[in-house]
Every structure is written in structure tokens, then in C-alpha cells.
Amino acid sequence: MACYIGIDIGTSAVKALLIDENQFVLAETDVALPISRPHPLWSEQDPEDWWQATEKALRTLKDAAPAAYAATVAIGLSGQMHGAVLMDKADRVLRPAILWNDGRSHAECTALEHRVPDLGQIAGVPAMPGFTAPKLLWVARHEPETFAEIAHVLLPKDYVRFRLTGAYVSEMSDAAGTLWLDEAERRWSPEIVAATGLDPAVMPRLVEGSDAAGTLSAKAAAALGLDPKVIVAGGAGDAAAGGIGIGAVDEGDAFISLGTSGQYFVVNETYRPYPAAYVHTFAHALPGRWFQMAAMLNGASALAWAAQLVGEADIGKLLARVEATPAKNSELLFLPYLAGERTPHNDPYARGVFFGLDPATETTDLIRAVLEGVAFSFADAQSALATAGTRPKQMGAIGGGAKSPLWMKMFADVLGVQIVLHEGGAKGPAFGAARLAILAATGQSTASVCTAPPINATIDPDPAATARYAEKIERFRRLYKVLKPEFAPR
Ligand SMILES: Nc1ncnc2c1ncn2[C@@H]1O[C@H](COP(=O)(O)OP(=O)(O)O)[C@@H](O)[C@H]1O
Ligand SMILES: O=C(CO)[C@@H](O)[C@H](O)COP(=O)(O)O
């Protein structure tokens with residue numbers, strides 16, 4: 001039986017899984033990744049770490065299911081979006097990769113908007129510091145010797161593809177997050193590439209996510225114990241790959257993702273940019289499809305941060321304590337902007353805030369406020385998408401945060417929408433990547449491969465709770481507005 005591998009180059013870990021042709025998961029593994037924050041606003045990783053973690057993950061899959069691993073016919077790649085990997089003409093990585101949650105390039109965003117006044121229409125979103133193009137302008141300005149050496153610019157998963165195949169290739173849904181893609185035409189925008197001071201020759205070749213992008217190099221095949229004929233599919237940025245995994249492929253299909261980051265994602269069958277509310281309108285990983293997305297920089301990572309702060313490594317245990325303890329301080333608010341925020345504020349300088357602490361406040365109140373604060377940022381996302389004309393009534397949920405029934409009930413109440421939990425929802429982007437590998441290798445139809453997994457639970461909103469939350473969300477919004485000037489650099 002033919003088997004397929006999905007690899008997701010996440011921020012916190014490389015995740016890999018091996019499935020058979022019926023999409024049954026035979027083995028899966030995570031390999032943790034370090035992240036470096038050498039200066040305020042900076043966020044970097046070493047691309048070599050992604051490759052080492054990928055090799056380790058594949059070794060684990062091989063050990064867990066040797067026969068199925070040997071029967072692999074295609075690999076799909078997914079990854080954290082927007083990261084800049086810069087390579088010289090000898091294929092050496094020139095500096096650490098600058099990640100999606102790096103906020104250093106605010107000034108360069110203004111410069112880019114100035115150079116390309118209709119940027120938001122072409123690229124589907126206004127310039128924001130997490131995107132790839134302004135990072136290149138930052139490198140040009142602050143590290144000109146490095147900029148002069150650039151021969152290839154790759155996204156995180158495309159760097160891993162380079163190590164697998166030796167080819168410089170990207171695909172639409174990840175290219176979408178660079179600001180260099182003409183989203184409607186699904187090709188690099190010569191105007192925006194030129195406005196970044198880059199030679200078009202540094203850009204990778206573009207394919208669709210469900211196309212074959214190449215096969216393993218002889219060197220990689222030998223190192224990994226795989227056949228050199230193994231196809232590497234285009235794959236997808238992690239947002240789109242999450243969509244493919246959960247079956248969000250048709251107009252109006254929607255889900256939230258609660259990983260390190262947070263996303264509110266809705267599929268469109270036409271390109272409908274709405275840059276005004278910092279909504280991202282990007283090419284999906286399937287030809288002729290796009291999506292609108294609100295992207296939040298602080299998803300379940302805000303909970304992981306709080307858990308670490310209160311000294312409880314087991315998040316499940318911590319949330320059980322929250323559930324069992326009545327709120328002592330229900331007025332407490334938390335602004336979750338630990339790493340700044342993208343939709344709807346475009347504010348890399350915003351930071352986390354607890355507001356309304358009193359002598360009765362307990363640890364469980366703090367954690368409840370963190371859960372609410374992240375959910376409220378999704379309410380802002382929902383409002384931004386509503387102004388863009390999109391208002392789903394039902395949503396799937398993926399990512400580590402979707403493992404918590406308490407949090408999912410809170411999301412249903414805060415958003416006033418039904419949340420649907422699919423079997424294996426937490427498998428997320430790696431599963432979507434494996435599905436793209438099936439499409440690339442077999443040419444089967446999207447409808448037959450990208451189905452919605454069976455439903456485990458549906459969570460309905462309680463209208464009374466939604467009304468109570470609406471008032472608290474208004475206070476949450478006012479608090480950010482009041483504090484915004486205080487976050488700005490002096
Ligand atoms: N039981 C749980 N309930 C809620 N959230 C959880 C639980 N376990 C882990 N998490 C959260 O899941 C997050 C990781 O999610 P994941 O989708 O794996 O992220 P990424 O793809 O960005 O690496 C962590 O930040 C953590 O806060
Ligand atoms: O910035 C975005 C999407 O615009 C993030 O989705 C990153 O792509 C990384 O997310 P994680 O999967 O690591 O949370």
C-alpha cells in the first residue's frame with residue numbers, strides 16, 4: 001500500500017506523520033525547536049535546526065513503522081509562514097531566519113507602502129512587520145553586506161524542501177504571505193519584488209500546493225532511507241495546510257487555529273481583498289481558491305507562557321484547576337499581545353497586560369483571564385472579517401488549544417458561533433501536508449481527498465453568555481485603545 005508523509009515546520013516543533021492511502025495515521029512525532037530573541041522585537045531560528053529536527057522526525061517515523069515508511073511515495077511540506085531564509089550563491093545560509101512574529105521592520109513597512117501604493121490590492125494585505133518583504137528591506141538597510149550576498153530567498157518549509165530536493169521552489173499559499181505574490185494572478189509581482197530591491201532571479205519557482213515540486217535528491221534519499229523517486233509536493237503555509245487537513249476547501253468553510261499563533265480562516269472561491277481591516281486575503285493551497293484570514297500573533301502560546309509563569313508545566317491539569325475553581329475576580333482583563341499584534345491592530349509594539357487585579361485575585365483567575373483575552377482577540381478577528389463581508393455561523397477548531405473543552409466552550413460563547421471539533425483536529429497542518437502529497441502523487445480529486453474528518457463534538461454558544469461577554473469585549477477594546485500610545489516606542 002502506498003504511504004505518504006506530512007511534515008510541518010512549526011515554530012515550537014517540527015511535526016511529522018506517516019499515513020496510508022486511506023489517510024490512516026500510522027506514526028507521528030514532534031521534535032521541539034529553540035527560538036531566539038536576541039533583541040526586543042526580534043524572533044529568529046536557525047534553518048539548520050529545522051533540518052536536523054526534520055531528519056530526527058523522519059528517523060522516528062521509520063523506526064515506528066518501517067514497512068510503511070519504505071512504501072512512502074510522496075512527502076508534503078507545511079510550515080510557519082512569512083519567515084525569511086537568505087542564502088548565498090554557494091547555498092550557505094547567510095543569517096538566522098527572521099520569523100513571522102518578528103517586529104523589527106515597522107519603518108520598512110511604511111517605505112514599502114509608499115513605493116507600491118496599491119500593495120494591499122495586489123498582495124492581499126497591507127505591509128506588516130511579520131511579512132517577508134519588509135524584512136528584506138530591513139536587511140538591506142541594517143546589514144547591507146548580507147543583502148549584497150543574497151542569491152536565494154526561501155520560506156521556512158521551502159528551505160527544508162531545498163534540503164530534500166536541492167531545488168528552490170515555493171507554492172502559492174506560502175508565497176502569499178511574503179507580500180511579493182500577485183494574489184489574483186498567482187505569480188510573483190515584478191513591481192513589489194523590484195520595490196524591495198531584489199533581482200527576480202532570487203525568487204523561488206512557484207507551483208500550486210497540490211502539484212509535484214520535485215523528487216528527493218540522491219543524497220537526501222540515501223540519508224533518509226527513502227526511494228529517490230519520492231515526490232515532494234508543493235505543500236502549503238501552515239494556515240492553508242490546516243485548512244486542507246480539516247477539509248476547509250470550499251467557499252465559506254471556516255475554522256480557528258490555536259497554535260503558537262492564532263488564526264480565523266475562511267475559504268473564498270474568488271479573490272476578494274479587504275486590506276482596510278488588516279484582513280489577509282491569500283491564495284489557498286489549491287488552484288483557483290483563496291482564503292480570508294485574521295492572523296493573531298498570540299494564540300495558545302499565551303497560555304503556555306502563563307502556565308510557565310505560575311509553575312505548572314501540565315496545561316491540562318492547570319485548566320482542570322481553572323474549571324473547578326469559581327472566579328474570584330470576574331472583572332479581570334488580559335490583553336494577550338505578548339508578541340505584538342497583527343489583525344486588527346498592526347501593532348508590533350503592543351504588549352501583554354493584566355488589568356483589574358485585586359487582593360482576592362487567584363492564579364486560576366489569571367489563567368481564566370488569559371483564556372478569555374485570547375478568545376477576545378478572536379472576537380476582534382471576527383469583527384475585522386465581518387467588515388470584509390465574511391460572517392461564518394459554524395467553525396472548525398485545530399491546534400493545541402483546541403484540546404481544551406473549557407476553552408472551546410469559551411470560544412463558542414465569545415464568538416457566538418457553533419464550534420465543531422473534528423477527529424484528529426490537533427493533527428493540523430502536517431495532516432494537510434500529507435493530503436497534498438496524495439493529491440500530487442495520485443491526481444485524485446480534491447473532493448475525494450480533502451474531506452472533513454468525522455465530527456467528535458459540536459459546541460453551541462449560549463446566547464446569555466455571549467451577551468455577557470459582549471460587554472467585557474467592549475472593555476477589552478477600550479483598554480487597548482487607552483494603552484496604545486503607551487506601547488509606542490519613545
Ligand atoms: N491540553 C491543552 N489545552 C489547551 N492548550 C494546550 C493543551 N496542551 C497544549 N496546549 C497549547 O498548545 C500550544 C501548541 O499548539 P500547536 O498547535 O502544537 O502549536 P504550533 O503548531 O504553533 O507549534 C501550546 O502553546 C499550548 O499552550
Ligand atoms: O503568521 C502566521 C500566519 O499568518 C502564523 O500562522 C505562522 O505561520 C506560524 O504559526 P504557528 O503554526 O507556529 O502557530
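The values are calculated or read from the model by the stated rules, or taken from the named source; none is laboratory data. Computed from a predicted structure; not experimentally measured. In this analysis, Cβ positions are derived from the backbone assuming ideal geometry, glycine residues included, and neighbour counts consider all displayed protein chains. When the accessible area is computed, the model is the full protein with side chains, heavy atoms only, and any ligands, DNA or RNA have been set aside. Shrake-Rupley method; radii C 1.70, N 1.55, O 1.52, S 1.80 Å.
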- [ ] Could you do me a favour and compute the accessible area per residue for region 336-403, 1.4 Å probe, result in Å²?
- [x] 33
Open item on the list: Between region 408-450 and region 456-474, what is the separation of their alpha carbon centroids in Å?
Closed with: 24
TODO: Would you rank 325, 343 by solvent-accessible area, highest first, keeping every protein chain in place and using a 1.4 Å probe?
DONE: 325, 343
Open item on the list: Using helices alone, I'd like the mean residue ellipticity at 222 nm for the chain: each DSSP H run of four-plus residues gives -39500 (n - 2.57), total over residue count, nearest 500.
Closed with: -11500 deg cm²/dmol
- [ ] Return one whole number: the accessible area per residue of region 1-121 in Å², for a 1.4 Å probe.
- [x] 40
TODO: Take the Cβ-Cβ distance between residue 272 and residue 145 as r, set R0 to 51 Å, and report the resulting FRET efficiency rounded to the nearest 0.05.
DONE: 0.75
Task: Whichever lysines have a C-alpha closer than 16 Å to that of residue 481, once near sequence neighbours (fewer than 8 apart) are set aside - done: 472
- [ ] With a 1.4 Å probe and every protein chain kept in, tell me what percent of the accessible surface of the chain is carbon plus sulfur.
- [x] 55
Task: Pairwise centroid distance, computed over Cα atoms, of region 267-332 with region 350-402, Å - done: 7
TODO: Grab the Cα-Cα distance for residue 394 and residue 448, subtract it from 0.36 nm times how many residues apart they are, and report the gain in nm with one decimal.
DONE: 17.2 nm
TODO: Report the FRET efficiency, 1/(1 + (r/R0)^6), for residue 70 and residue 118, where r is their Cβ-Cβ distance and R0 is 41 Å, rounded to 0.05.
DONE: 0.20
TODO: Please give, to one decimal in nm, the separation of the simple spin-label points placed at residue 483 and residue 250, each 7 Å out from Cα toward the Cβ.
DONE: 4.3
Task: Share antiparallel - DSSP beta bridges, the chain, percent rounded to 5 - done: 70
Task: Average Cα contact separation per residue, region 93-235, under 8 Å, 6 or more apart, as relative contact order % - done: 22
- [ ] With the Cα gyration tensor of the chain in hand, convert its eigenvalues to equivalent ellipsoid semi-axes via √(5λ) and list them largest first in whole Å.
- [x] 34, 27, 21
TODO: Please list 12-21, 367-376 highest first by mean number of surrounding beta-carbon atoms within 10 Å per residue.
DONE: 367-376, 12-21
